[in-house]
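Taking it in order: structure first as structure tokens, then the write-up.
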Amino acid sequence: MRLSSLSIAVLVILSLGLAACGGTAEQGGNVSQGDQCNTDPRPLADVPAGGRNNYYDGPPEMSIDQAKTYRATIQTSVGDIVLGLNAAEAPQTVNNFVHLSCQGFYDGLIFHRYEPGFVIQGGDPLGQGNGGPGYVVPAEIGLPHIAGAMAMARLPDEVNPQRDSSGSQFYITLAPTSFLDGGYTVFGEVTGGMDVVQAVRVGDEIERVIISTE
């Protein structure tokens, strides 16, 4: 089942928009040989949320080990969400999410969208659905939209025929949404804290994202 024009508009035009590429900051900040990011204090710790919009010139270089299992713990103002990231199926997307997390890009941002029975969405430095780090990420479409799937937002096909993903905006499904399969890059799934996912509302804060490996 394909998305209707209205569904596409609701999903990607109103709240999945991206800003144009730009910015001049150094990227830096890879995953360490151990279990955590090696950037503490985080490079963006003192940069206001809005100042992170268009902060980078382009996506980070590949630094993850696709043979490892990556986990993300999103610490929110309503509790922790634990996710398994699929580096084997979506390596560029996971690499980007890990990079931004280690930089502190997500720290202090809010969830700007809640659709009952559908999705929660965050990762926009502007908090309105039209911001990003200054670049897009190539599509890695394949994994299904199960309940608790974590995927990247994107602009609609009309202006984004290659279905490139947002550089930072992500959503988590509140229920199975198979009608989105084949259209968006799913790169992880909730393994703990689904009750927190269900409790998130607009304005709730992403306090910090912690990355670990196994």
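The values are calculated or read from the model by the stated rules, or taken from the named source; none is laboratory data. No experiment lies behind these values; they were computed from the predicted model shown. For neighbour counting, all protein chains shown are included, and Cβ atoms are generated from backbone atoms with ideal geometry for every residue, glycine included. The accessibility values were calculated without ligands, DNA or RNA, using every heavy atom of the protein model including side chains. Shrake-Rupley method; radii C 1.70, N 1.55, O 1.52, S 1.80 Å.
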Item to check | Residue tally, condition farther than 17 Å from V98 by Cα, in a loop (DSSP other than H, G, I, E, B), touching a strand residue (DSSP E or B) at 6+ places or on another chain (Cβ under 8 Å) and open to solvent by less than 40 Å² (accessible area, probe 1.4 Å), over the stretch 109-142 | outcome: 3
Checklist entry - Using beta carbons and a limit of 7 Å, which pairs, at least six apart or on different chains, have the first residue in the stretch 85-108 and at positive phi and the second one among the aliphatic types (A, V, I, L, M) and assigned to a helix (DSSP H, G or I)? => result G108/A49
Checklist entry - Residues of the stretch 143-167 being over 19 Å from P91 (Cα atoms), open to solvent by 40 Å² or more (accessible area, probe 1.4 Å), in contact with a helix residue (DSSP H, G or I) (Cβ under 8 Å, 6 or more places away or on another chain) and not hydrophobic (A, V, I, L, M, F, W, C), which ones? => result D157
